[in-house]
Amino acid sequence: MEIVDGVMARDGSASSDGRRGGPLILTEDVELLDDLLRLCAAAGARPEVHHGGPGCGEEWDAAPLVLVGDDAADRVRGAARRRGVVLVGRDQDDPGVWRRAVEIGADHVLLLPDGEQWLVDRIADVAEGVGRPALTVGVIGGRGGAGASTLACALAVTAARAGRRTMLVDADPLGGGLDVLLGGETADGLRWPAFAASRGRVGGEALEESLPELHALRVLSWDRGEAVAVAPEAVRAVVSAARRRGGVVVVDLPRRVDEPVAEALAQVDLGLLVVPPELRAVAGARRVASAAGLVLRDLRVVAGAAAGPGGPVGRGGLDSEEVARLLGLPLVGDVPWEAGLPAAQVAGVPPGGFARGPLARFCDAFWGRVPVDAVGGGA
């Protein structure tokens, strides 16, 4: 067992088994019951309350989570061992609580009020039926105009076309809005300003249903109003909710790393740094990589020609392997130039929209090399 934020937990016990429904509460302590009912309400779950011991029968086995009041520990000692049992108490100085937890096979010991937020999150996970988190891919430009937003959109479009549950998150408030790249700037749904003041937990399904749906994926972008500052806590809550949905989350990240961006980076499984093969671009990308690497665990290079006024920018004498070597990062590959992409977007075809186009083929190959089930979320 380990103690995290006032909670003692066994390794690996925090994942939900995916069953929907509220927890089973076992206690005769009226004050404790009131607190647990309040926390269930905050998590959006409807609990089942049982005042007896192990005679609760099928409810004990079927409940996705069991909250046992410390007063009821003796009465459930004979119940069948199962996962998802939390022993809840109040006395911070009672060493016997740990012994009672072992006797009833509890996965966690939670002492109120310190562990309230953890318990709300755990109950909400159960109510949502949370399973494997989404594979979260962040895309960052090594310099301005590198094509990071285009690649982020193409990755999301191709993932959705392959049948994966996909969300595209625009984490760059100065980027103009990814919904514009997808041709959905007038689509109904919420944008970042609606979540700017979010605190605590955001429901994954509620988030998904509130966002515009474009090209079979959900998009969280910016509106065209005045700039709105989104608190770091809001970014953490929203990206966490997106990840709990499973599947794939693609995050378009700015080159600067401030507190809100750091919150997004902390939840990215794999970062792609898009760097045109030019010395100046490599020099700028080195600074971006240094800042992002303080938070991001896995950062790799994608080399490719960026768009210029008349087509792709020249390669500047570097090849992709040299770019990766200069940056000291693993190479994913070369993003191909796709002629006619701007005109296609005007016609409503998003980046990656042409299934047989070079950009879509690059993205399909990427998803093939990074299986979603093996790294992060399920389809």
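Give the average over all directions of the projected area of the C-alpha convex hull of the range 174-213, one decimal, in nm². List each step's numbers first, then the result.
Values: hull surface 13.4 nm².
Approximately 3.3 nm², given one-decimal rounding.
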Base-10 log of normalised Debye intensity for the range 177-240 (one unit scatterer per alpha-carbon) at q = 0.19 Å⁻¹: -0.71
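So what is the accessible area of the chain per residue, in Å², with the probe set to 1.4 Å?
On the way: 16470 Å² over 379 residues.
Accessible area per residue, the chain: 43 Å².
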Listed residue (Gly147, Ile123, Leu178) projecting farthest to the positive dipole end of the range 100-187, Cβ model: Gly147
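So, with +1 on the Cβ of K and R and -1 on the Cβ of D and E, and no other charges, what is the size of the charge dipole of the chain about its Cα centre, to the nearest 20 debye? Walk me through the intermediate numbers first.
Working: 40 positive and 52 negative charges, 333 e Å.
Here the chain has a charge dipole of around 1600 debye.
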Enclosed volume per residue, in Å³, of the convex hull spanned by Cα atoms of the range 219-359: 148
Spatial separation of Cα centroids for the range 89-145 and the range 346-367, in angstrom: 39
Calculated FRET efficiency for the pair Glu48/Glu116, C-beta based, R₀ 22 Å, to 0.05: 0.60
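Over the range 219-269, consider all pairs of different Cα atoms and compute the Kirkwood hydrodynamic radius from their mean reciprocal separation; express it in Å, one decimal. Show your work: numbers first, answer last.
Details: mean 1/r = 0.0843 Å⁻¹.
It is 11.9 Å.
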Spin-label model distance (nm) - Leu294 vs Asp29, 7 Å beyond Cα toward Cβ: 4.3
Accessible surface of the range 28-163, 1.4 Å probe, proportion on carbon and sulfur as whole %: 50
Solvent-accessible area of Asp258 with every protein chain in place, 1.4 Å probe, in Å² to the nearest 10: 50
Cα pair distances in the range 102-158, grouped into 10 Å bins until the bin that holds the longest one, percent each: 17, 25, 20, 19, 16, 4, 0
Axial C-alpha extent at least 15 Å, average Kyte-Doolittle at least 1.0 - helices from the chain (DSSP): 30-42, 148-161
Spatial separation of Cα centroids for the range 31-52 and the range 211-265, in angstrom: 32
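What Kirkwood Rh does the range 136-236 have if only Cα atoms enter the pairwise 1/r average? Answer in Å. Don't jump to the answer; show the numbers that get you there.
Working: mean 1/r = 0.0709 Å⁻¹.
By the Kirkwood definition, the hydrodynamic radius is 14.1 Å.
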Alpha-carbon Rg with Dmax, taken over the chain, Å: 24.0, 77
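Once the piece of chain linking Arg90 and Glu58 is laid out straight, how much longer is it, given 0.36 nm per residue of separation minus the C-alpha distance between them? Intermediate values should be presented prior to the final figure.
Details: separation 32, 0.36 × 32 = 11.52 nm, distance 2.81 nm.
The span from Arg90 to Glu58 would gain 8.7 nm if fully extended.
The values are calculated or read from the model by the stated rules, or taken from the named source; none is laboratory data. Fair warning: this is a prediction, and the values are worked out from it, not measured in the lab. Positions of Cβ are generated from backbone atoms using ideal geometry, with glycine treated the same way; all protein chains shown enter the neighbour counts. The protein model used for the area step is the full one, side chains on, heavy atoms only, and it has no ligands, DNA or RNA in it. Shrake-Rupley method; radii C 1.70, N 1.55, O 1.52, S 1.80 Å.
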